[in-house]
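All of the numbers you see were taken from the coordinates with simple rules; none came from a lab. Predicted model, so just to flag it, every value in this text is computed and none were measured. So basically every Cβ, Gly included, is an ideal-geometry build from the backbone, and we count neighbours across all protein chains shown.
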Amino acid sequence: MDYIFIDKTIKTSIYKQIASSIADAIDRGRLTYNDKLPTEKEICEVFGVSQTAVKMAYQQLIDQDKIKRIKGKGTFVTNRSTYHQDFLNVYQFESNPQNEIQDILFDCVDDEYMIKRMLKMDTNESFCVIHRIIKSNSNPLLYQHIYLPEKHYPKLKKNYVSNVGVFSLIQDTYHHPIHHLQNTFSPTLASSAEAQLLNILPGEAIYLIRTQIYDDEQHVIGYIVNYFPGEFSSFEVTVHAKP
């Protein structure tokens, strides 16, 4: 609560001082998404101000989309932008240089049947897997699993470079032409692990977008599973009617 400053000797309204203090702490990164704010009663007791002033301050911050109230839990910082994209161009985030790619796992395995099925691999073949977080303004934009068949990416295990966009890896490093993507979309609820990585609460809605990447010979050269936080993601689907 030490980020709040109130000067009772000036003419600026108490509620505006409270709102301005909290907004400034959010803008400077001292308060970040999902940080819990003090209750109205706690602010009243510490600063000797009216509950009406605190209510007005919190309402102003709610109207500015800086905080949110969750019934029975409290008031939380909610300063995260929403990722909005046409579903067919869902991977536009890779071309944004302001987004940060952070790999958290790299491995090569040969014992996941369902992944091999999506990659259309033989049972004796292996693939590499990358788990990564992609952030926008320090907030998680999505959690991503990338699966790449080793037969199409020789020496990837030896020459792996972290934090490189998957399409850059496919096209620029390994020179595979991408013919088309096949996407599927489904909503679900975040597990505790997914929630922690996406900086949301367990059980909150997330979107799953699964993508098979095909080359010009119709080989599946990659499979990606994307986890987008539902509250901060929206997608458009354009339908073209035949004449």
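Annotations
- Around Y160: net Lys/Arg minus Asp/Glu count, Cβ-Cβ under 12 Å: 0
- Members of K16/K68; K16/K135; K41/K71; K120/K155; K11/K71; K68/K135 lying beyond 27 Å, as alpha-carbon distances in this model show: K16/K135; K11/K71
- For the stretch 14-77, taking the reciprocal of the average inverse distance between every pair of different Cα atoms yields a Kirkwood hydrodynamic radius of 11.7 Å.
- Based on the Kirkwood approach, the hydrodynamic radius assigned to the stretch 155-195 is 13.4 Å, with every pair of different Cα atoms included.
- Inter-label distance, K71 to S168: 4.6 nm, where each label sits 7 Å from its Cα along the C-beta direction.
- Positive minus negative residues near L201 (Lys, Arg vs Asp, Glu; Cβ under 15 Å): +2
- Over the chain: Rg over Rh, Cα atoms, Kirkwood Rh: 1.11
- When the trypsin sites (Lys or Arg not before Pro) in the stretch 140-233 are filtered for DSSP coil states and for at most 14 other beta-carbon atoms within 10 Å of their beta-carbon, the remaining sites are K155.
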